[in-house]
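Novice: Got a structure for you, written out below as structure tokens; questions coming shortly.
The values are calculated or read from the model by the stated rules, or taken from the named source; none is laboratory data. Predicted model only: the values in this text are computed from it and were never measured. Backbone-built Cβ (ideal geometry, glycine too); neighbour counts: all protein chains shown. We work out accessible area using only protein heavy atoms, side chains counted, and drop any ligands, DNA or RNA first. Shrake-Rupley method; radii C 1.70, N 1.55, O 1.52, S 1.80 Å.
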Amino acid sequence: MNVHFHTLVLDGVFTEAPGGALTFHPAPAPSDAEVAASLATIRHRVQRLLVRHGLEPADEATGPADRFADESPVLAGIVGASVQGRVALGQRAGARVRRLGDARDTPTVMSRGLRQAHLEGFDLHANVWVSANDRAGLERLCRYILRPPFAQERLRLRSDGRVALELKTAWHDGTRELVFEPLEFLERLAAMTPRPETNLLICHGLLAPRARWRERVVAHGRVASEPTALAPPLVAGAEGTTAKSSSRAWSWAALMHRAFAIDVLACPHCGGRLRLIGTLHDPAVIRKILAHVGMARSGPSPGPAPPELGAAAP
């Protein structure tokens, strides 16, 4: 697990005219030297923040108690081992994660391309740019930012029972695959699972939820009926209506089609369109309908729900 941030920023600034109209002023692309200077500033401020909170070795810096380690010591140990590339549990506890590939004797990579910098474990890549009004390109970038830690297609179960994760591109030391014991792989999944009530998507500045200009900034320069390359076909909405591309409110069916490429309103028998005719809440009515269509639940009851917080158990 490598702690990192995907950041999408406006490549310029907005100003407001006396009449209230917004004007966007694009900024020039940063130079390699500016990216390196930004990385040096980020590294300095991060280390200063860690020292301030007692999380970085320093003179007489013992730091406060780690609440995460106190509340979940096992999970805290798993996360710490994941950051170090080591195993936390099992017979191989403390050992390095197995790597497969062609070993290479290469020096530390200081830069891998334009507007990319590396400094003592800190990396900054700032060479991805989307042109104005490129809605399809912006959506692809947003999808990349929100992608999961790894693709399931690159995960396979080896004949020896171990789990192998194929890297998208080989590392500079030649590593092509990471190999885990089943317990080690579960460790990594636990380390990457967000803690409860942790917000992983944060908006700042003009894109913040309560920003005064947010609504106008989002709509700035947009064409009302502009199509995108990734837009789904028109599908029937919850009430049988058609989802319009110009509307900002997407039906649940359109969102399912856009996110998972699943047309939930397509009839699996005749290929026709399904239509929502009602919502049922009465368990007795639900059981009667399921029994009529041959989908009655079988097996033992799962039992009563757990008591609410503060309620007395019978």
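Novice: Could you identify the single residue in R195, R212, R188 that is part of a loop (DSSP other than H, G, I, E, B) and under 28 Å from L75 (Cβ atoms)?
Specialist: Testing whether each residue is part of a loop (DSSP other than H, G, I, E, B) and under 28 Å from L75 (Cβ atoms) leaves just R195.
Novice: Here's another thing I want to ask about it. Report yes if G221 is part of a loop (DSSP other than H, G, I, E, B) and over 30 Å from V97 (Cα atoms), otherwise no.
Specialist: Here the answer is yes, as G221 does meet what is asked.
Novice: Oh, and also: May I ask you to verify whether L178 is over 30 Å from R222 (Cα atoms) and surrounded by 12 or more Cβ atoms within 10 Å (Cβ to Cβ)?
Specialist: Criteria met by L178.
Novice: Could you please find all residues in region 123-138 being in contact (Cβ under 8 Å) with a residue 24 or more places away in the chain, open to solvent by 50 Å² or more (accessible area, probe 1.4 Å) and under 21 Å from L201 (Cα atoms)?
Specialist: Within region 123-138, D123, W129, R135 qualify.
Novice: Of all residues in region 155-170, which are open to solvent by 90 Å² or more (accessible area, probe 1.4 Å), in a loop (DSSP other than H, G, I, E, B) and under 17 Å from G101 (Cβ atoms)?
Specialist: If the condition is that a residue be open to solvent by 90 Å² or more (accessible area, probe 1.4 Å), in a loop (DSSP other than H, G, I, E, B) and under 17 Å from G101 (Cβ atoms), then K168, T169 are the ones that fit.
Novice: Inspect all residues belonging to region 199-209 and state whether any of them is surrounded by 12 or more Cβ atoms within 10 Å (Cβ to Cβ), over 19 Å from the mean Cα position of the chain (by Cα) and among the aliphatic types (A, V, I, L, M).
Specialist: yes
Novice: For the structure I just gave you, tell me whether R112 is surrounded by 12 or more Cβ atoms within 10 Å (Cβ to Cβ) and at pLDDT below 85.
Specialist: yes
Novice: Tally up the residues in region 1-45 that are within 25 Å of L206 (Cβ to Cβ) and in a helix (DSSP H, G or I), please.
Specialist: 8
Novice: Among the residues of region 27-41, which ones are closer than 14 Å to V9 by Cβ and in contact (Cβ under 8 Å) with a residue 24 or more places away in the chain?
Specialist: A29, P30, V35, S38
Novice: Only residues that are assigned to a helix (DSSP H, G or I) and out of contact with any Pro (no Cβ under 6 Å at 6 or more places or on another chain): list them for region 255-280, please.
Specialist: L255, M256, A259, F260
Novice: Which ones in region 253-286 are modelled with pLDDT under 85 and under 23 Å from V218 (Cβ atoms)?
Specialist: Answer for region 253-286, where residues must be modelled with pLDDT under 85 and under 23 Å from V218 (Cβ atoms): R258, A259.
Novice: Please go through region 31-69 and pick out each residue that is among the hydroxyl-bearing types (S, T, Y) and at pLDDT below 85.
Specialist: Selection gives T62 alone.
Novice: If you take the residues of region 139-153 that are in a loop (DSSP other than H, G, I, E, B) and not basic (K, R), which of them is surrounded by the fewest Cβ atoms within 10 Å (Cβ to Cβ)?
Specialist: The selected residue is P148.
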